[in-house]
């Protein structure tokens with residue numbers, strides 16, 4: 001009886017949370033609530049399969065690097081990102097060099113565009129936050145187009 | 001039994017959660033609708049319905065509260081230095097407080113008024129007057145920052161200010177004290193007939209809001225107390241209450257209360273504007289500061305202006321009339337239709353209401369009752385529409401609900417009285433705690449008031465709060481005025497003296513509220529928008545540090561080669577581009593305040609090291625989990641030392 005009550009309480013809570021949600025956070029909250037009590041750990045996911053949490057659900061990269069886009073991405077990276085990311089070494093945050101061998105393009109885009117939710121709810125981003133001594137990825141308010149250019153620049157590194 | 005408890009607990013939880021999902025607007029309905037607590041309760045995370053901008057009086061600032069909760073959100077520094085925000089301390093905003101008397105770090109802020117278009121609040125700016133060293137300030141309502149201050153020459157005790165005309169053509173500033181114009185060395189006893197009262201019409205540029213004194217009307221030497229614009233048919237006129245028409249210079253509490261009636265001066269500013277546009281008026285030498293803050297450079301500049309256009313009222317016949325009004329009237333308030341001008345004779349028990357249409361008729365029929373210094377006085381009976389009789393003691397100020405009612409404060413009898421326009425009958429009265437000055441209905445000084453709440457601002461609170469020594473807080477009180485009778489809902493403490501206020505619906509401003517300053521738009525001459533460009537530059541004894549911040553480090557954070565006796569300017573750009581991530585900074589021993597730098601902004605402070613050593617600086621705004629790691633060192637060597645100028649971050653300084 002005790003157990004049943006507890007379970008129904010949890011179920012109710014999740015339903016309520018779901019019905020209350022109206023912003024983008026609700027999706028993640030809902031997903032969290034559905035998951036079993038033990039937290040998802042990064043080892044269980046192939047990072048290349050994870051698209052992260054955010055506005056980008058699908059992104060296909062062309063075979064050739066778009067040089068113009070990459071040049072503009074480099075400019076944006078220097079202006080908005082280089083205070084924490086160096087291209088050759090680990091700094092405040094990780095180096096973006098070879099990031100597309102470690103992460104899906106969607107995940108990278110979502111990390112740039114939606115860092116608060118990523119470090120709160122994405123298992124890989126959560127681990128990275130711990131690894132980087134709780135230094136949070138700053139939201140630099142890039143537009144989707146700007147983030148896409150930065151991603152293209154990463155392909156040249 | 002245990003289980004039953006649990007079940008009911010779960011049921012309560014469900015109910016609570018379901019209720020929590022409801023729109024908060026609905027929560028006032030139902031069996032508890034009489035509860036004052038529920039009417040002011042804004043649950044955690046929910047937003048208030050209205051902004052209230054309540055002046056801080058002798059604090060010199062303007063505070064932003066939410067209604068109905070009474071929660072304080074921000075104190076906007078206007079006329080006083082604010083160490084918390086570095087206003088008046090950092091190099092960028094020091095010029096904002098420049099005047100013809102030099103740097104004045106304080107003033108007495110009184111009457112905020114929100115800009116209007118077609119007689120309705122438009123939410124672009126809020127203006128406020130500095131009383132003591134006459135100034136008018138403009139606050140930008142996208143940033144909630146003071147962006148312009150203009151000093152008013154020939155004025156003293158800038159009190160009948162700062163009210164706007166229907167389309168914010170002008171913000172108006174009238175003098176409380178009359179003074180010699182121009183100022184000169186003369187005996188005080190020769191006041192009468194020699195001192196003058198300047199009423200200033202400051203034009204507001206429709207594009208950028210830039211203020212400029214278009215003309216000053218040089219009136220007889222009365223005290224000009226408050227003013228309000230005409231609207232609707234009376235648009236084009238401005239009304240000023242006067243006292244001390246006796247022109248006393250001493251013991252005004254006796255000598256300025258001799259006359260049964262003083263005046264409300266009706267000024268046809270459109271007529272004077274036309275006169276001025278056709279070359280009328282006289283340019284007079286003056287000296288006053290005009291201080292403008294640029295959002296692009298994040299800096300203020302102060303310019304001294306040397307001339308002002310003055311107008312002699314007798315030279316523009318038909319533009320100015322005096323309406324006899326008992327007795328030392330304070331408030332001078334115009335109803336939403338523009339027909340009624342309410343004079344609150346503060347030494348009288350009655351309110352006197354003049355009719356605009358009767359005034360126009362009386363002017364046409366020349367129903368005059370003499371003149372004062374050549375300005376026609378209209379016959380009282382010819383302009384009077386009625387009076388609210390024996391409504392209370394010491395009427396001060398009236399606002400309107402847009403539903404045909406006026407609400408007047410009575411200082412001596414500590415109450416708000418609701419009365420009906422046209423019939424002048426008293427409908428309701430409620431006590432205030434205590435000694436109420438002004439009151440405010442959001443939009444209450446416009447064609448379209450939002451008549452849901454009135455805020456009364458009290459001078460004395462005595463026993464209303466737990467005591468805090470001899471000095472106790474002043475307060476505001478919120479009344480629900482949506483029904484026939486007013487209902488007191490809430491007391492809330494305020495900063496300084498809550499003198500007067502302006503309010504508006506939250507959605508007029510909320511969506512335009514700026515979140516960050518874009519780095520690519522930063523034109524500060526000492527900005528560095530990229531960590532790679534940070535540097536330290538010596539120019540003789542002056543050293544300029546071009547520094548950046550981002551969570552959670554400064555660049556550079558190690559500096560050497562500074563010497564005792566240097567003037568070190570830290571220019572710090574916050575590279576963050578996210579909402580609500582300011583960084584602060586302070587240097588040990590700096591003779592100034594911290595900086596509080598918004599995302600994308602650049603601010604500067606001056607440090608003059610006096611001792612050899614290695615001195616730290618750190619981030620003063622709790623910015624992140626690594627906030628306590630956000631710090632740096634400056635090595636200070638003796639004057640003339642050969643230690644070279646160097647800077648670094650992330651490596652040992654070589």
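Quick notes on this structure:
- Counted residues, the stretch A:127-157 - those being free of Cβ contacts under 8 Å to residues at least 60 places away in the same chain and either surrounded by fewer than 20 Cβ atoms within 10 Å (Cβ to Cβ) or within 12 Å of another protein chain (Cβ to nearest Cβ) (or both): 15
Residues are listed down the side, and each one gets a yes or a no for (1) more than 21 Å from residue B:77 (Cα to Cα); (2) within 14 Å of chain A (Cβ to nearest Cβ):
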site	(1), (2)
B:541	yes, no
B:550	yes, yes
B:555	yes, yes
B:567	yes, no
B:595	no, no
B:624	yes, yes
B:632	yes, no
B:652	yes, no
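- Residues of the stretch B:634-650 classified as in a loop (DSSP other than H, G, I, E, B) and more than 14 Å from every other protein chain (Cβ to nearest Cβ), total: 8
- Selection count, the stretch B:596-608, where residues are buried (at least 23 other Cβ atoms within 10 Å of the Cβ) and in a loop (DSSP other than H, G, I, E, B): 3
- Within the stretch B:516-532, tally of residues that are surrounded by 14 or more Cβ atoms within 10 Å (Cβ to Cβ) and either away from chain A (no Cβ under 14 Å) or out of contact with any helix residue (DSSP H, G or I) (no Cβ under 8 Å at 6 or more places or on another chain) (or both): 8
- Any chance residue B:484 is in a loop (DSSP other than H, G, I, E, B), modelled with pLDDT of 95 or more, farther than 29 Å from residue B:59 by Cβ and away from chain A (no Cβ under 14 Å): yes
- Here the stretch A:84-96 is the region considered, the condition is being more than 13 Å from chain B (Cβ to nearest Cβ) and crowded, with 16+ Cβ neighbours inside 10 Å, and the residue that is farthest from residue B:649 (Cα to Cα) is A:96.
- Any pair with Cβ under 8 angstrom, 6 or more apart, that starts in the stretch B:247-263 at a residue that is on the phi < 0 side of the Ramachandran plot and ends at one that is surrounded by fewer than 10 Cβ atoms within 10 Å (Cβ to Cβ): B:249/B:188; B:249/B:189; B:250/B:188
- Residue match in the stretch A:105-118 (condition: more than 22 Å from residue B:553 (Cα to Cα) and either over 10 Å from the mean Cα position of the chain (by Cα) or modelled with pLDDT under 95 (or both)): yes
- Yes/no for residue B:584 being without any contact (Cβ under 8 Å) to a residue 40 or more places away in the chain, in a strand (DSSP E or B) and farther than 16 Å from residue A:83 by Cβ: yes
- The criterion of at least 3 residues that are under 28 Å from the mean Cα position of the chain (by Cα) and without any contact (Cβ under 8 Å) to a residue 60 or more places away in the chain is met by the following strands (runs of 3 or more DSSP E) wholly inside the stretch B:289-402: B:299-311.
- Of the residues examined, residue B:562 is not one that is within 14 Å of another protein chain (Cβ to nearest Cβ) and surrounded by 17 or more Cβ atoms within 10 Å (Cβ to Cβ).
The values are calculated or read from the model by the stated rules, or taken from the named source; none is laboratory data. This is a predicted model, so every value here is computed, not measured. Positions of Cβ are generated from backbone atoms using ideal geometry, with glycine treated the same way; all protein chains shown enter the neighbour counts.
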